[in-house]
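Asker: My structure is below; once you've seen it, I'll send some questions.
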Amino acid sequence: MKEKLILTTALLSFAFAKAQTIIVEDTYEKNNKPVSYDLLFKSQKVVICKGKKIGGLVAGSQTNNIYSYDFSGNKTAIVENAKLYQCNYSNSEKALRVVDISDGLFKATVKYLVDGKYTNPVLMDQSNAFRRYFPYYNNFTDKYEIRLTNQQNKDDIDYQKDNLNLSVVDIMTKKRKAYKLEKPNVARITSGNFVLPEKKLGLNYRFNDDDSFDFITKSIAFDYSKTTLYKTTYNLSDGKISKDIAFELSLTGKYFIYSHNSAGFTDTPANKSLPYFDDDLFVNNYITDRNNGDVYVYGLYSDKPASLNKEVIPRGYYVFKFDKTGKKLWESINKIEDKDFNEKHYMYYTETDLSFINNKLCFYAFVNENDEYLNYGILDQATGNQEKSKKIVFHEYESRVGVGSDFFKLDYEYKNIKELKNKKFNVLGIIAYDNNSKYADYVKNVKIKGETHFLTRFTNFGMLVIETDNDEYYKVLYFKE
């Protein structure tokens, strides 16, 4: 194998030679192919896991080697010559959790790599491999592994009725502590003129970098004109509440509506004709600027209210910016005038997201029904002013079989652009092609033999692209602007 690392801006033969940096360019090897990647936002590094498909009835890959690259192309070996499954970094990126399958999947052990050293392995609890709150693959920080249950030691918690019990295990010493958590104020969500849950109150969580985590709950006014997002912060060292912050949003003459934004939990029961939202957390979602703690809450609005899992006509989107104390800094309400978007939709199929891109914000609403299209807007991060908005129509392929055997397979392509034939993108790649001329020039000029995929990620420090044909080569490229 020959691996080529470029430590300066890539010198390409065409006119836009200095548009991007090639972080890594590598060829495929038998039984040592790229199987997954991770983007470390704090340390600004790319992590590539290499290995092979496990095979049999297991839908996944075995990782043998893990390497990290900074944005200048410098390579560091994290793990070599191992047999691992489910490799995940902690939120602060200081701990790597791996499932060691050297002795087989049914004797798998869990261990952590911290400061270059492994903790003692513990036999994986197969019965609890998939949990609703704090799932097994993401239930840890740099110091602790945690589990949240109710008074019956069950993971499916009714936040309104159940106790909240937290088990905290020190990943180094394996010592365990248990806390009965003080619940966030339930009355501020259920009493008064608020929307009551169809099933049960929505509750989710997010880890912070300082060995604490936030419970996320929301209240929604009965007429859908106001909503409040609550972040209740617990310390893992003692199970106590350290902060409880409210982020209040209101609209005048408009109404908050739901969208598929990863804020809560979904379900697809056998006795239902359509999948559905399991809780009201989908009324909006948020992202946090990890440099200063600013919070950006985003979602869709309509000119008529609609309850959970109902059809509704979206009219536009909003972004509210708050500082870390809950003080509102600005709001940006933006109408989307598009005959397709402004039709009646089952909101489960309307995906929304917000990303940082340099000093801008990128919002998109992607409607995945009969026709594939998205509307996106670029906002100034300091003021909230919308600088650009656009609709893009593209083509989506049907779901693929055997995706786990590939690094990744993307399903979206532009229609009727000759230079993009057999070039596939994720949603952010579709937007990047439309909005970034350097990216578009690069992609158009890539010479390909067959189907080639461009996985694009937006960050506050630029744009990262993984290019691969899933057979012979892959590249990781960095577009600073």
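Asker: Given the criteria surrounded by fewer than 15 Cβ atoms within 10 Å (Cβ to Cβ) and in contact with a strand residue (DSSP E or B) (Cβ under 9 Å, 6 or more places away or on another chain), does Lys240 qualify?
Answerer: yes
Asker: Please state which of the following conditions Phe222 fails to meet, knowing it meets all the rest: (1) free of Cβ contacts under 8 Å to residues at least 60 places away in the same chain; (2) surrounded by 21 or more Cβ atoms within 10 Å (Cβ to Cβ); (3) among the aromatic types (Phe, Trp, Tyr).
Answerer: (2)
Asker: Among the strands (runs of 3 or more DSSP E) contained in region 177-279, which hold 3 or more residues that are touching an Asp or Glu at 6+ places or on another chain (Cβ under 6 Å)?
Answerer: 226-235
Yes/no matrix, rows are residues, columns are (1) of a type in the set (Ser, Thr, Tyr); (2) under 30 Å from Phe356 (Cα atoms); (3) at pLDDT below 90:
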{"site": "Thr21", "(1), (2), (3)": "yes, yes, no"}
{"site": "Glu25", "(1), (2), (3)": "no, yes, no"}
{"site": "Gln62", "(1), (2), (3)": "no, no, no"}
{"site": "Ser72", "(1), (2), (3)": "yes, yes, yes"}
{"site": "Phe106", "(1), (2), (3)": "no, no, yes"}
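Asker: If you check every pair at least six apart or on different chains, which have Cβ atoms under 6 Å apart with a residue in region 227-248 that is closer than 14 Å to Val186 by Cα first and a residue that is crowded, with 18+ Cβ neighbours inside 10 Å and of a type in the set (Phe, Trp, Tyr) second?
Answerer: Taking only residues 6 or more apart or on different chains, the pairs are Leu229/Phe247; Thr232/Phe215; Ala246/Tyr230.
Asker: Here's another thing I want to ask about it. Output the number of the condition that His260 fails; it satisfies all remaining conditions of (1) farther than 20 Å from Gly377 by Cβ; (2) touching a strand residue (DSSP E or B) at 6+ places or on another chain (Cβ under 9 Å); (3) open to solvent by 40 Å² or more (accessible area, probe 1.4 Å).
Answerer: (1)
Asker: Take Lys161 and tell me if it is under 30 Å from Asp223 (Cβ atoms), open to solvent by 40 Å² or more (accessible area, probe 1.4 Å) and of a type outside the set (A, V, I, L, M, F, W, C).
Answerer: yes
Asker: Of all residues in region 370-406, count the ones that are at pLDDT below 70 and either within 30 Å of Glu472 (Cα to Cα) or hydrophobic (A, V, I, L, M, F, W, C) (or both).
Answerer: Counting residues in region 370-406 that are at pLDDT below 70 and either within 30 Å of Glu472 (Cα to Cα) or hydrophobic (A, V, I, L, M, F, W, C) (or both) gives 11.
Asker: Report, by residue number, each residue of region 438-468 that is among the acidic types (Asp, Glu) and over 24 Å from the mean Cα position of the chain (by Cα).
Answerer: Asp441, Glu451
Asker: Would you point out which residue out of Glu351, Glu331, Glu372 is more than 23 Å from the chain's Cα centre (by Cα) and of a type in the set (Asp, Glu)?
Answerer: Of Glu351, Glu331, Glu372, the one residue that is more than 23 Å from the chain's Cα centre (by Cα) and of a type in the set (Asp, Glu) is Glu331.
Asker: A further question follows. Under the condition of being open to solvent by less than 60 Å² (accessible area, probe 1.4 Å) and of a type in the set (Gly, Ala, Ser), which residue from region 76-102 is nearest to Ser43 (Cα to Cα)?
Answerer: Ser92
Asker: Name the residue that is most open to solvent (accessible area, probe 1.4 Å), counting only residues in region 295-309 that are over 25 Å from the mean Cα position of the chain (by Cα) and without any contact (Cβ under 8 Å) to a residue 60 or more places away in the chain.
Answerer: Lys304
Asker: Let me ask something else about it. Among residues belonging to region 176-217 that are among the hydroxyl-bearing types (Ser, Thr, Tyr) and over 28 Å from Asn91 (Cα atoms), point out the one that is surrounded by the fewest Cβ atoms within 10 Å (Cβ to Cβ).
Answerer: Only one residue tops the list, namely Ser191.
Asker: On to the next question. Quick one: which residue in Thr325, Thr352 is among the β-branched types (Val, Ile, Thr), in a loop (DSSP other than H, G, I, E, B) and either at negative phi or open to solvent by less than 70 Å² (accessible area, probe 1.4 Å) (or both)?
Answerer: Checking each option against the conditions leaves just Thr325.
Asker: Can you name the residue in region 280-305 that is of a type in the set (D, E, K, R) and part of a loop (DSSP other than H, G, I, E, B) and, of all such residues, is nearest to Asp210 (Cα to Cα)?
Answerer: Ranking the candidates gives Arg290 first.
Asker: Out of all the residues in region 433-466, which are more than 22 Å from Ser72 (Cβ to Cβ) and in contact with a Cys (Cβ under 9 Å, 6 or more places away or on another chain)?
Answerer: Asn435
Asker: Then there's this: Please list, ordered by first then second residue, the pairs with beta carbon atoms under 8 Å, 6 or more apart or interchain, first in region 191-202 and under 11 Å from Asp158 (Cα atoms), second open to solvent by 70 Å² or more (accessible area, probe 1.4 Å) and of a type in the set (S, T, N, Q).
Answerer: Lys200/Gln160; Leu201/Gln160
Asker: Is it the case that some residue within region 348-355 is in contact (Cβ under 8 Å) with a residue 60 or more places away in the chain, touching a helix residue (DSSP H, G or I) at 6+ places or on another chain (Cβ under 9 Å), closer than 23 Å to Thr228 by Cα and among the aromatic types (Phe, Trp, Tyr)?
Answerer: Among the residues of region 348-355, at least one is in contact (Cβ under 8 Å) with a residue 60 or more places away in the chain, touching a helix residue (DSSP H, G or I) at 6+ places or on another chain (Cβ under 9 Å), closer than 23 Å to Thr228 by Cα and among the aromatic types (Phe, Trp, Tyr), which makes the answer yes.
The values are calculated or read from the model by the stated rules, or taken from the named source; none is laboratory data. None of these values were measured; they are calculated from a predicted model. Please note: Cβ atoms are built from the backbone with ideal geometry, for glycine as well, and neighbour counts cover all protein chains shown. Quick note on the areas: whole protein, heavy atoms, side chains included, nothing else; ligands and nucleic acids left out. Shrake-Rupley method; radii C 1.70, N 1.55, O 1.52, S 1.80 Å.
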